[in-house]
Every structure is written in structure tokens, then in C-alpha cells.
Amino acid sequence: MNKRIERLLVIITSEGGPPVVHSILSQLETDFPVPIVICQGYQTGTVKALCNVWNKTSQLTVKYAGDVNPLLPGSVCVLPHNCKAKIDTSSSVPCMVKSRMGSGENEGDPVAKLLESAGEAYGSELKLALAGGQKKGMDEFQDIVQVVSGSGGTVCSVMETGAIATGKLLRKGDDVSLVSSDEFVASLYAWIGRSRKTSQTS
């Protein structure tokens, strides 16, 4: 009998986000047990190219999303931010399932819809990272933050290590903690209750 995966990490990233995603993925070890879904704010061709880069520099296997994507331990699934998808828990292993938009199905933000289904499936064990966001982008993320917070999940705004002092930051709100990519990775290992085998020294 398959054990249900009890946590999910979702990373939402826009134009400034790929270096942050690279920093996060490059620090996660092969046996990292949490599935990861990355919504990237580029078109399909660019997102596929980023997948190839991240797959070469990560110990995890990074794949562009297919139609049905089992959320297995350490799986990394990447899709464009405008791709319609949801979390399906009807089978023993939860999956992220893509769907084609019909003529009457263009209402609503696809990322918010994905996170709504993730919140329903994972509740407080859903973690959202807003990667590389800047202050001007906070308003467009506000609905997403509320979706995750409303389900009991946690939200972090993650910047490149060393970027905190630049002032180009996503505004820190009551429901959003602001951390560097190194701090975020450390929080992920605290979340799963163990230390990295190759711990970093400051």
C-alpha cells in the first residue's frame, strides 16, 4: 500500500525568480521527501529551457509538467503560470493534473485555482514560496497569499541570499515571512524534521 504524501511545496516565480529557484533546488539533496510544483511566469519554450538548466544543476529530477504528474517524494514538476492544473487526490498517490481550457473556462487565475486545490488536499502542510518577487508585485500575489493562508498553509517571500539589503523586496505582510534562499532551504529541512547531510557553514 502506498503511503500518502503529506506535504507539498509550491514555488511561484516571475521574471526575477529563476536565480532564486536555482539556489533553492541546488541545495536540496537527492532524498528530499517533499514533492515540488513550480509555476514559472514565462511562456512554454522558456519554461522548458529552464527545466533543462535546473535539472542539470539539481540533485533532484526536474521535469516539465505532463498531463498527469504523480506527486512523489522529491519530484519537481514545472509548468507555465498560465497553465490550468489542479491537485487530484482520488488515487493513492496525489497527482497534479493539467487540463485544457474550453471556450467557457477562461475565468479565474490558473495559479490561484491550482493553490485552492492544493490547499484542500494538504491544508497546513502546504508551503508556498514567492521566489524573487519585488514590491510592485505584491498586489498581484495578494489573492494567492490569502488562498494559502486560508487553508492553514504558510507563505514565504524568498530572495537571493545577499539581496535583502537592496530594498527591491516583496512587501512583508502579516501572512508572509521574508527570507533569503539559504534561510528558506534551512526552513524546509526544519519542516521535514531533519538536517541536511552536507550542512553549510556561514
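Here are some notes:
- Those residues of region 100-128 which are surrounded by 12 or more Cβ atoms within 10 Å (Cβ to Cβ), of a type in the set (G, A, S) and at pLDDT below 90, in sequence order: A112
- Any chance V34 is of a type in the set (A, V, I, L, M), without any contact (Cβ under 8 Å) to a residue 40 or more places away in the chain and either over 15 Å from A131 (Cα atoms) or not in a loop (DSSP other than H, G, I, E, B) (or both): no
- Cβ pairs under 7 Å, 6+ apart, first in region 174-187 and at pLDDT below 75, second of a type in the set (G, A, S) and surrounded by 16 or more Cβ atoms within 10 Å (Cβ to Cβ): D175/S149; V176/S157
- Among the conditions (1) at pLDDT 90 or above; (2) farther than 26 Å from S180 by Cβ; (3) surrounded by fewer than 17 Cβ atoms within 10 Å (Cβ to Cβ); (4) of a type in the set (D, E, K, R), the only one that K56 does not satisfy is (2).
The values are calculated or read from the model by the stated rules, or taken from the named source; none is laboratory data. These numbers come from a predicted model, not from an experiment. Don't worry about glycine lacking a Cβ; one is built from the backbone with ideal geometry, like all the others, and counts go over all protein chains shown.
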